[in-house]
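Please read the structure below before turning to the comments.
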Amino acid sequence: MTLFHFWTKMAIKLKPRGPKCKRFEFWTKVAKVTKPQGPKWQFTLSSGGLSEYSVGSQKLTILRPPEVSAAEGAGLPVAGLTALQALTYHGGITLDKTGHTTNVLITAASGGVGQYAVQLSKLGNVHVTATCGERNIDLVKSLGADEVIDYKTPQGAALKSPSDKKYDVVVHCATPIPWSTFEPNLGPNGKVIDITPNASAFWTAVVKKVTCSKKKLVPSLLIPKAENLEYLVGLVKEGKHKTVIDSKYPLSEGEEAWAKSIDGHATD
């Protein structure tokens, strides 16, 4: 069982509605996070991003400058925010080149969260080791990774750093990997930030906490914040960050686009 955070992402032109919506004018270009609608524990979404119109809160909506296209902006509210919070909130990494060098492993680095995590890491004083498929190695290197491993090789499956580094932080974006694979690759106080935690990951996290282990597994669930989204949009505007676009589809072909994404054949 995998637990998902139910948020969708959009970069659109806005039509304000309601007397309290005073921050935006008609057809303002924005980026926003769309929250689930309906009962709290209803595991379906009645509001999403794959539509011509969508309802969202102005608290999770920010202005999108002309330098940031709709396609670039659309990737930021979920994948970008997840990467940012995993690195900074949970990983304790500052993105300003200060402090000692941190060794970070990013799994599935060519995916949506992974490619943002690589770029954000390189804003800090971070050595990045990344895993991905062979066809995406050059892409991940171009995003700034210092070392890239093909996850299908024995070295990649074992998560071994080519330079024998131990990881201070792991941002785990792939399918579940046993703790026994992570643990020997971690530094003395290393932690694994799991953005796709399953029941086993939560159990491991509890065990590590109860036993006061210095090596930790931290399940990461997205808590969207407008100030974080503004930060990411600012980076894209300044050319310090980018959204990798695999391909574009018109809304009428949304089903095909979704199938490609779910099948794991898209970089974002």
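The table that follows gives values for the structure above.
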| quantity | calculated |
| --- | --- |
| For the range 169-230, the Rg and Dmax computed from alpha carbons only, in angstrom | 12.6, 39 |
| Surface accessible to a 1.4 Å probe, Val113 within the full protein complex, Å² | 30 |
| Karplus-derived 3J(HN,Hα), 6.51/-1.76/1.60, for each residue of the range 106-119, Hz, glycine and proline x | 10, 8, 6, 6, 8, x, x, 6, x, 5, 6, 4, 4, 5 |
| HN-Hα J in Hz across the range 163-172 - Karplus 6.51, -1.76, 1.60, θ = phi - 60°, x for Gly and Pro | 9, 6, 6, 9, 8, 7, 9, 10, 9, 8 |
| Potential extension, Lys97-Lys225 segment - 0.36 nm per residue separation minus Cα distance | 43.7 nm |
| The range 68-179: C-alpha gyration tensor shape, a/c 1.5 cut-off, then a/b vs b/c | oblate |
| Accessible surface ranking that places the most exposed of Asp263, Asp150 first, with a 1.4 angstrom probe | Asp263, Asp150 |
| Listed pairs Lys97/Lys240; Lys191/Lys240; Lys166/Lys214; Lys152/Lys215 exceeding 18 Å between Cα atoms | Lys191/Lys240; Lys152/Lys215 |
| The range 112-268: Rg to Rh, with Rh as the Kirkwood radius over Cα pairs | 0.98 |
| 5 angstrom amide H check on His127, placed H, neighbours 5+ away | Thr102, Asn103, Val104 |
| Over the range 193-268, equivalent-ellipsoid semi-axes from the Cα gyration tensor in Å | 33, 21, 11 |
| Spin-label pair Ile262/Thr181, simplified geometry with 7 Å Cα→Cβ offset, distance in nm | 2.4 |
| Rounded to the nearest 10 Å², the accessible area of Trp179 at probe 1.4 Å | 30 |
| For peptides 236-245, 166-175, sequence by mean Cβ density within 10 Å, most packed first | 166-175, 236-245 |
| Accessible heavy-atom area order of Glu134, Glu230, Glu147, Glu253, highest first, probe of 1.4 Å | Glu134, Glu230, Glu253, Glu147 |
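The values are calculated or read from the model by the stated rules, or taken from the named source; none is laboratory data. Because the structure is a prediction, the values reported are computed rather than measured. Because the Cβ atoms are built from the backbone with ideal geometry, glycine has one as well, and the counts that use them run over all protein chains shown. To get the accessible areas, we keep the full protein, side chains included, count just its heavy atoms, and leave off ligands, DNA and RNA. Shrake-Rupley method; radii C 1.70, N 1.55, O 1.52, S 1.80 Å.
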